[in-house]
Amino acid sequence: MGTQEKVFTNMTNGGPISVYVKDGKVVRVRPLQIPEEEYKPWVIEAGGKKYSPPKAVRLSPPAHAERNRLDSYNRILYPLKRVDFDPNGERNPQNRGKSGYVRISWEEALDIVAGEIKRLTDTYGGSAITGMTSSHHNWGVVGYKMGPFSRFMNMLNYTPVLDNPDSWEGWHWGATHTYGFYWRLGMPEQFDLLEDALKNTEMIVFWSNDPDTTRGTYSGQESAIWRVWLKEKGIKAVFIDPFYNYTAAAMDGTWLAPRPGSDTALAMAISYVWLTEELYDKEYVAEKTLGFEEFRSYILGQGDDGFAKTPEWAEAESGIPARKIKALAREWAKHKTCLSSGCRGGQGSACRTDYGTEWARMMVLLQAMQGLGKPGISIWGTTMGAPADSQTWFPAYAEPRGQMGKSGIAKNKLSLQNKTKQRLFRLTLPEAIMSGKEDFWGEGFCGQSLEQQFVHNTYPMEGHSTVKMFYRYGGSFMGTMAETNKWVKMYQSKNLEFVVNQDCWYSSETKFADIILPACTNLERNDIGEWAACGGYTTNSHIGNNYRVIVRQQKCVEPLGESKADYEIFNLLSEHLGLKDLYTEGNTEDDWARLFFESSDIAKDITWEEFNRKGYHLVSVPDDYKPTPGLRWFAEGREVDTPDTGNPKRGTEKSKELGTYSGKIEFASESLRQNMPDDKERPIVPHFIPSPEGYKSELHRTYPLQIISPHPRFSFHTAYDNHTPWVNEIHLHRVEKDGYRWWPVRINPEDAKKRNISSGDIVELYNDRGSVLCIAQVTERVPVGVLHSYGCSAKYDPLIPGEAGATDKAGCVNLLTSSRLVSKHASGMTPNSCLCELRKWEA
């Protein structure tokens with residue numbers, strides 16, 4: 001290194017990094033450099049062999065482009081005001097998305113934003129203001145979205161917009177009513193399932209799961225070596241997915257490609273084979289489950305629809321030959337089989353379809369029929385479950401919402417109490433804004449009880465105002481939500497009197513704001529954070545990594561342009577509102593970071609001064625570590641012994657039970673029976689319900705292609721797309737043609753031939769909801785009748801700027817998707833139940 005080069009530590013949502021700075025500029029970024037002697041790798045012994053991770057950290061692919069993202073051409077560097085917006089005159093909301101911007105000073109920007117907040121709160125109360133963050137942004141306990149944004153907005157008593165779990169909808173709204181785990185939002189505990197699989201599993205069924213792409217959300221490439229080990233051990237692999245995904249390509253297993261939306265039928269046909277051939281664990285079902293006879297009657301055709309769910313029936317629905325369904329069912333029952341239907345609940349396409357609740361419930365019930373929790377028999381995404389010290393508490397990024405550490409000390413200093421009871425919902429926000437009224441079911445992330453899902457919300461709530469100001473913080477919903485042309489209409493509605501967008505980069509919604517505020521990145525501010533630790537409803541998520549790594553996020557360079565840390569922006573706004581003391585309590589960002597550090601358990605192992613200097617701390621697996629495989633306690637009738645601290649029955653007289661009403665796995669759901677017994681779309685026993693946009697629907701005649709849009713491989717939701725040129729140069733992510741970076745769509749050769757399409761052609765995908773341009777990739781990795789295009793373009797580039805319904809050429813395929821929710825009373829999104837047509841673009 002040159003004498004002028006300095007090294008800093010930081011954390012990204014793809015893993016910890018070392019940042020090298022020379023002459024005030026970042027010159028390179030590497031995975032966090034830790035001397036080998038500091039690592040203390042765990043060892044798993046299985047089959048006469050020892051398995052141990054390398055002494056290194058493995059980042060997510062896009063995180064390697066962090067330097068490129070820092071000084072992107074797409075950075076927002078200065079406060080901006082829309083040219084035809086006058087807070088004291090004509091506001092011209094109809095021109096949002098169309099008009100240009102003029103640079104203004106921070107003082108003018110703060111005066112306008114604070115002035116609008118004061119005007120609206122004085123006139124209507126805090127409920128007239130709403131705002132929301134993106135799904136994912138920069139990392140840090142203090143500076144991330146749960147900290148400064150939530151604290152500021154709660155201080156204003158705003159109307160929150162509740163999130164939907166846009167990665168695992170069916171699990172949240174369905175599986176919770178089958179095996180509980182509502183405190184994990186329907187996601188099963190994953191503790192020590194790596195060791196369990198290496199020692200006991202003989203076969204893995206990857207169902208709508210591509211862990212090599214989604215990587216356990218935040219955990220980088222840490223688990224990639226685990227799947228190498230599984231392959232080397234000779235464990236059989238089956239992949240059920242309409243797309244021949246990257247994990248399937250790497251592990252080389254059997255591929256079954258059902259039609260989108262037919263997965264539930266396929267699962268029911270498997271259970272039919274087990275029932276008729278008596279290939280299930282009768283003792284486990286008798287002792288550990290409830291409602292099996294009701295389920296049996298439905299599968300065998302003795303239920304309300306009167307037909308048996310045979311492999312032949314499932315063949316007609318799914319396109320999978322009956323003989324293959326039977327063969328899969330028999331192989332599954334013959335071996336100790338792990339069902340890998342997604343980490344943290346599932347991030348493929350099946351759980352985000354019409355009635356995806358029924359598929360997720362069937363995933364649990366299939367494993368229940370084989371003895372879920374017994375050695376080798378699990379629901380495991382293959383991206384979590386490494387040995388780890390889960391006793392050492394350190395705050396995760398959701399901690400400022402008011403989580404508690406095991407020491408009993410409140411860790412909610414960054415959270416203020418919001419007095420407004422009114423709520424909006426992300427998926428129906430445009431309808432609520434435009435019509436001035438809305439109703440929806442559930443309380444967003446329903447992690448406190450099963451009953452939360454049955455709460456009926458109305459907007460506006462009595463005694464509250466309709467919202468008139470929208471504070472948008474980061475991200476891009478045009479590429480991630482459903483039927484997103486309605487977001488254009490929402491932004492241009494006169495009902496929104498004022499719109500602010502605060503972000504580091506220009507994204508799809510930025511230019512729909514009246515005022516744009518430039519935020520700096522995590523490389524330009526101080527913070528703290530643990531790798532992959534999001535906290536809240538995904539406790540102990542560090543088990544997705546081979547090592548627990550806690551980082552002092554060090555400011556590497558000065559903020560570019562006039563960008564500022566989010567905490568500083570809200571601090572300045574609070575000062576303009578006369579609320580600075582309430583907002584800061586006299587603390588700087590570094591003060592908050594130190595308070596969180598000192599309340600954590602690592603403070604007894606390392607001083608703040610040493611942590612601040614060194615930049616990181618490893619929490620090693622203890623020498624006396626004892627594995628507690630997920631759900632083994634339940635299968636063996638013992639008290640829960642996993643580190644799942646959110647389990648409400650832990651430490652009670654019901655500590656041997658699951659979180660369902662009966663404490664058992666419920667083939668017939670008691671929570672649905674008691675709270676919503678007449679729901680035909682989420683019935684007491686799982687049903688197969690064809691999608692309104694399925695293969696046999698009337699709409700299929702007009703739009704014969706089913707498009708699926710799962711999470712992307714080279715960006716994280718929309719993070720790193722568009723504003724990171726290095727990522728955009730990856731041919732599988734975007735493809736350059738005629739000087740433009742196009743979003744790929746994958747199409748089967750037979751479908752391409754019918755439409756005279758070749759690889760590299762610019763094509764238009766269209767239906768009644770929208771029109772999107774992509775670049776064609778002709779491949780047999782998708783079956784006939786199916787298109788595949790990742791659903792997270794951060795760029796929205798309509799041919800007619802600001803025109804709702806105009807053809808977008810940046811790849812926002814979710815413009816085409818439906819606003820239909822998972823079902824009438826389950827408020828999840830369904831982007832993978834979407835029909836469209838495709839033609840060559842000749843413009």
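Of note:
- Meets criteria (open to solvent by less than 50 Å² (accessible area, probe 1.4 Å), assigned to a helix (DSSP H, G or I) and hydrophobic (A, V, I, L, M, F, W, C)) for Phe295: yes
- The stretch 752-789, subset of a type in the set (Asp, Glu) and open to solvent by 50 Å² or more (accessible area, probe 1.4 Å), residue farthest from His733 (Cα to Cα): Asp768
- Lone qualifier among Glu116, Glu107 - being crowded, with 20+ Cβ neighbours inside 10 Å, acidic (Asp, Glu), assigned to a helix (DSSP H, G or I) and modelled with pLDDT of 95 or more: Glu116
- Residue that is without any contact (Cβ under 8 Å) to a residue 60 or more places away in the chain and of a type in the set (Val, Ile, Thr), where the choices are Thr121, Thr130: Thr121
- Unique residue being part of a loop (DSSP other than H, G, I, E, B) and either touching a strand residue (DSSP E or B) at 6+ places or on another chain (Cβ under 9 Å) or modelled with pLDDT under 95 (or both) when the list is Met132, Met146: Met146
- Residues satisfying the stated conditions in the stretch 638-662, i.e. surrounded by fewer than 19 Cβ atoms within 10 Å (Cβ to Cβ) and touching a Lys or Arg at 6+ places or on another chain (Cβ under 6 Å): Glu639, Ser655, Glu657
- Subset of the stretch 218-242 [open to solvent by 10 Å² or more (accessible area, probe 1.4 Å) and either under 21 Å from the mean Cα position of the chain (by Cα) or within 19 Å of Pro686 (Cβ to Cβ) (or both)]: Gln221, Ala224, Asp241
- Residue satisfying all of: in the stretch 677-686; of a type outside the set (A, V, I, L, M, F, W, C) and buried (at least 20 other Cβ atoms within 10 Å of the Cβ); nearest to Leu290 (Cα to Cα) among these: Pro686
- Scanning the stretch 168-176 turns up at least one residue that is assigned to a loop (DSSP other than H, G, I, E, B) and farther than 30 Å from Gln554 by Cβ.
- Any hit, the stretch 817-828, residues being of a type in the set (Val, Ile, Thr) and surrounded by 18 or more Cβ atoms within 10 Å (Cβ to Cβ): yes
- Filtering the stretch 28-52 to residues that are assigned to a strand (DSSP E or B) and either open to solvent by less than 60 Å² (accessible area, probe 1.4 Å) or touching a Leu at 6+ places or on another chain (Cβ under 6 Å) (or both) leaves Val29, Pro31, Ile44, Ala46, Tyr51.
- Checking each residue in the stretch 790-804 for being open to solvent by less than 10 Å² (accessible area, probe 1.4 Å) and under 27 Å from Ala249 (Cβ atoms) picks out Gly791, Cys792, Ser793, Ala794.
- Sub-8 Å Cβ pairs linking a first residue in the stretch 462-482 that is farther than 21 Å from Lys421 by Cα and part of a strand (DSSP E or B) to a second residue that is small (Gly, Ala, Ser) and open to solvent by less than 10 Å² (accessible area, probe 1.4 Å), at least 6 apart or interchain, are Tyr473/Gly131; Tyr473/Ser134, ordered by first then second residue.
- Filter result for Ile569 (farther than 30 Å from Ile516 by Cβ and β-branched (Val, Ile, Thr)): no
- Verdict on Gly444 being surrounded by fewer than 24 Cβ atoms within 10 Å (Cβ to Cβ), within 22 Å of Met155 (Cβ to Cβ), without any contact (Cβ under 8 Å) to a residue 24 or more places away in the chain and of a type outside the set (Phe, Trp, Tyr): no
- Residues in the stretch 650-705 that are of a type outside the set (Gly, Ala, Ser), outside any loop (DSSP other than H, G, I, E, B) and touching a residue at least 60 places away in the same chain (Cβ under 8 Å): Ile665, Glu666, Glu670, Leu672, Asn675, Leu699, His700, Leu705.
- Residue list for the stretch 303-314, filter: touching a residue at least 12 places away in the same chain (Cβ under 8 Å) and not in a loop (DSSP other than H, G, I, E, B): Pro311, Trp313, Ala314
- Matching residues, the stretch 573-612, being open to solvent by 40 Å² or more (accessible area, probe 1.4 Å) and polar (S, T, N, Q): Thr588, Thr607, Asn612
- Flag for Trp531 being surrounded by 24 or more Cβ atoms within 10 Å (Cβ to Cβ) and modelled with pLDDT of 95 or more: yes
- Gly126 meets each of the listed conditions (1) open to solvent by less than 20 Å² (accessible area, probe 1.4 Å); (2) more than 12 Å from the chain's Cα centre (by Cα); (3) more than 13 Å from Gln422 (Cα to Cα) apart from (3).
- Complete set of residues in the stretch 167-202 that are over 16 Å from Ser340 (Cβ atoms) and touching a strand residue (DSSP E or B) at 6+ places or on another chain (Cβ under 6 Å): Glu169, Trp173, Thr178, Tyr179, Lys199
- In the stretch 618-631, residue surrounded by the fewest Cβ atoms within 10 Å (Cβ to Cβ) [restricted to those that are in contact with a helix residue (DSSP H, G or I) (Cβ under 8 Å, 6 or more places away or on another chain) and not aliphatic (A, V, I, L, M)]: Pro627
- Condition check for Leu328: at pLDDT 95 or above and open to solvent by less than 40 Å² (accessible area, probe 1.4 Å): yes
- Screening Trp726 with (1) of a type outside the set (Asp, Glu); (2) in contact (Cβ under 8 Å) with a residue 60 or more places away in the chain; (3) in a loop (DSSP other than H, G, I, E, B); (4) surrounded by fewer than 23 Cβ atoms within 10 Å (Cβ to Cβ) gives one miss only, at (3).
- All positions within the stretch 737-751 that are part of a strand (DSSP E or B), touching a residue at least 24 places away in the same chain (Cβ under 8 Å) and open to solvent by 50 Å² or more (accessible area, probe 1.4 Å): Lys737
The values are calculated or read from the model by the stated rules, or taken from the named source; none is laboratory data. All values derive from a computational prediction rather than experimental measurement. Positions of Cβ are generated from backbone atoms using ideal geometry, with glycine treated the same way; all protein chains shown enter the neighbour counts. Side chains included, ligands, DNA and RNA excluded: accessible areas come from the protein's heavy atoms. Shrake-Rupley method; radii C 1.70, N 1.55, O 1.52, S 1.80 Å.
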